[in-house]
Structures are given as C-alpha cells and as structure tokens.
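Undergrad: Below is one structure. I have some questions about it.
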Amino acid sequence: MTEHILIERRGAVQIIRMNRPDKKNALTRAMYAAFSAALRAADADPEIRVNVVFGVPGAFSAGNDLADFMAVAMGGDGGTEVWDFLLALAESEKPLVSGVDGIAVGIGTTLNLHCDLTFATPRTVFKTPFVDLGLVPEAGSSLLTPALLGRQQAFALLGLGEGFSAERARDAGMIYAVVEEDRLEAETLAAAEAIAAKPPQALKISRDLMRAPRDELIARIKQEGEHFRERLKSDEAKAAFVAFMSRKK
C-alpha cells in the first residue's frame with residue numbers, strides 16, 4: 001500500500017482516495033498498484049457493495065506521473081502496474097461511484113468512464129491530451145467514449161484534446177450530476193449508500209446487462225495498451241515529454 005492511496009470503510013462502502021496533493025494526484029506506479037489491490041479486495045469481500053473514488057480539493061487527478069512516462073520513453077521498464085489497474089477497472093464486480101473536483105486529466109478522466117455514477121463540481125474540467133503527448137487513448141476509452149458521447153464528441157475529447165466542463169460532460173452523458181464543491185462528498189456518498197442498500201444480486205445482473213461486453217472491453221484495453229507502449233518510445237512522444245518538462249521548469 002502507499003500513503004498516496006487512502007482506503008476507508010463506511011459500512012458497505014469502500015472509499016478509495018487519491019492523496020498526492022503536491023502533485024495534483026498524478027498517479028505513480030505504486031498508486032496504481034494500491035488502487036488495483038483495493039478494487040480486487042472489494043471484489044473478494046461480500047461485505048463491500050460499492051467502491052467510491054475521490055481525489056483532493058481542486059485535483060481529482062492530473063493523470064499519469066510524467067516522470068514514469070519519461071523513464072519508459074528513454075528506454076526504462078514500463079512496469080505492469082498501469083495495465084493491471086486498467087484490467088481491475090474493467091473486471092470490477094462492484095458498482096463504482098466517483099466524486100470529481102477540479103483537474104481530471106488523462107486517467108483522471110478515463111477512469112470515470114468505468115463508473116456507474118460520477119458527480120463533478122462546476123470547476124471540474126475533463127481533458128485527455130493523449131495525442132498531444134504523442135500517445136493514444138487508454139482504459140478502453142476509444143470504445144467507451146464513442147458509445148457514451150457519439151463519435152464526434154468523442155473525437156473532440158480524445159482526438160482534439162478539448163477540455164470538457166462538468167456541464168458539458170453531464171449534457172453529453174459522460175457524467176451523472178454537477179454539484180457544488182461543499183456538497184460533493186455528501187452527495188456522492190449518499191448515492192453510494194443508496195446503491196449499497198439495493199438487493200445485491202439483482203443489482204449485479206442489472207449492472208452487467210448495462211455495461212459494455214467485458215470481453216470486448218478487455219480486448220480493447222489490451223489493443224490500446226500495445227499501441228500505447230509503442231508510442232511511449234516514439235520520437236513524437238519523446239519530443240512531447242521533453243517540451244512539457246521544459247515548460248514546467
């Protein structure tokens with residue numbers, strides 16, 4: 001486990017909180033591993049009926065830690081933690097609810113595509129700058145986003161890399177509701193508790209019927225992953241990472 005992923009239980013609800021505020025919740029390999037472990041532990045525990053994901057005020061997640069990407073681009077080991085996490089998301093048997101405030105970049109956007117309900121605040125912006133970094137979509141987003149938003153809105157998000165406000169995301173069908181910052185956690189947890197109170201087997205069957213076919217989703221995640229790993233070592237990606245790091249300095 002890592003100090004940057006905090007796990008809490010409230011009755012039948014497991015809360016997974018990304019907690020790396022100094023880096024706007026940019027996810028490291030250790031954070032991915034801890035997140036995956038929490039999702040799989042919930043699947044194995046009949047007392048947990050719902051998972052809830054939060055970030056910190058103003059930052060749900062800035063995406064993958066670019067230092068990890070940079071290491072792979074320069075010939076380092078890519079590790080398996082990210083891909084294990086994406087599969088854990090796709091295979092999760094328990095409903096997943098998220099409360100998003102502020103920055104939601106890359107995986108900070110795409111993990112919400114796997115959520116059954118997402119609440120976001122008015123200051124939230126969803127953005128996936130994969131192409132700008134010389135990369136491709138991940139987390140099955142190339143399959144899930146066109147199904148949710150339609151092809152042109154999906155292209156605006158994943159291809160153009162446009163930022164989607166919370167209101168635009170809600171109106172497009174990408175998230176469930178927009179709530180004020182001071183109500184985000186209360187509204188998200190109230191929804192999770194309502195889900196947890198439902199008959200679990202009826203809910204599971206209903207959820208499975210509504211979700212994308214799992215085999216197709218997992219196949220797409222693996223296909224994206226192959227392209228993603230190749231792109232990480234491409235000249236385009238290396239140049240984009242160097243430019244980004246230079247701007248930060």
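The values are calculated or read from the model by the stated rules, or taken from the named source; none is laboratory data. Every value quoted in this text rests on a predicted model; they were computed, and no experiment measured them. As a convention, Cβ positions derive from the backbone with ideal geometry for all residues, glycine included, and neighbour counts pool all protein chains shown. Accessible surface is based on the protein model in full, side chains and every heavy atom, while ligands, DNA and RNA are left aside. Shrake-Rupley method; radii C 1.70, N 1.55, O 1.52, S 1.80 Å.
Undergrad: May I ask you to compute the full-extension gain from residue 180 to residue 40, defined as 0.36 nm times their residue separation minus their alpha-carbon distance, rounded to one decimal in nm? Before the final figure, lay out the partial values.
TA: Values: separation 140, 0.36 × 140 = 50.40 nm, distance 3.11 nm.
Between residue 180 and residue 40, full extension yields an extra 47.3 nm.
Undergrad: Given a 1.4 Å probe, how much area per residue of the chain is accessible, in Å²?
TA: Details: 11410 Å² over 249 residues.
On a per-residue basis, 46 Å².
Undergrad: Alpha carbon centre of the stretch 51-72 versus the stretch 168-182: separation in Å?
TA: A separation of 20 Å, based on Cα centres.
Undergrad: Let me ask you something else. In a Gaussian network model over the chain where Cα atoms closer than 10 Å are linked, find which of 198, 127, 238 has the largest mean-square fluctuation.
TA: Answer for the Gaussian network model of the chain: 198.
Undergrad: Could you work out the helix-only [θ] at 222 nm for the chain, with each DSSP H run of four or more residues adding -39,500 (n - 2.57) and the total divided by the number of residues, to the nearest 500 deg cm²/dmol?
TA: Numbers: 11 runs with 120 residues, N = 249.
Calculated from helices alone, the mean residue ellipticity at 222 nm is -14500 deg cm²/dmol.
Undergrad: Right, next: Hey, any idea what % of the stretch 116-249's accessible area is carbon plus sulfur with a 1.4 Å probe? Display every interim value, and only then the final one.
TA: Values: 4060 of 7400 Å².
Accessible surface attributable to carbon and sulfur in the stretch 116-249 totals 55 percent.
Undergrad: Next question. Can you compute the modelled spin-label distance between residue 222 and residue 236, with each label point 7 Å from Cα toward Cβ, in nm?
TA: Label at residue 222, label at residue 236, 2.5 nm between them.
Undergrad: Counting only DSSP beta bridges with both residues in the chain, tell me the antiparallel percent, nearest 5. Show your work: numbers first, answer last.
TA: Working: 9 of 30 bridges.
Once the DSSP bridges in the chain are tallied, antiparallel ones form about 30 percent.
Undergrad: Just need the Rg to Rh number for the stretch 135-249, please, alpha carbons only, Kirkwood Rh. Before the final figure, lay out the partial values.
TA: Values: Rg = 18.3 Å, Rh = 17.3 Å.
Reported Rg/Rh (Cα atoms, Kirkwood Rh): 1.06.
Undergrad: Here's something else I'd like to know. Once amide H atoms are placed 1.01 Å from N in the peptide plane, what residues at a sequence separation of 5 or more from residue 118, or on another chain, have their amide H within under 5 Å of its amide H?
TA: 98, 176, 177
Undergrad: Most mobile of 96, 209, 135 per a Gaussian network model of the chain (Cα springs, under 10 Å)?
TA: So, out of 96, 209, 135, the one fluctuating most is 209.
Undergrad: What's the ranking of 60-66, 211-217, 3-9 by average number of surrounding C-beta atoms within 10 Å, highest first?
TA: Working: 60-66: 23.1, 211-217: 13.1, 3-9: 15.0.
Those peptides, ordered most packed to least, come out 60-66, 3-9, 211-217.
Undergrad: Okay, next question. First measure r as the distance between the Cβ atoms of residue 7 and residue 162, then evaluate 1/(1 + (r/R0)^6) with R0 = 35 Å and state the FRET efficiency to the nearest 0.05.
TA: 0.55
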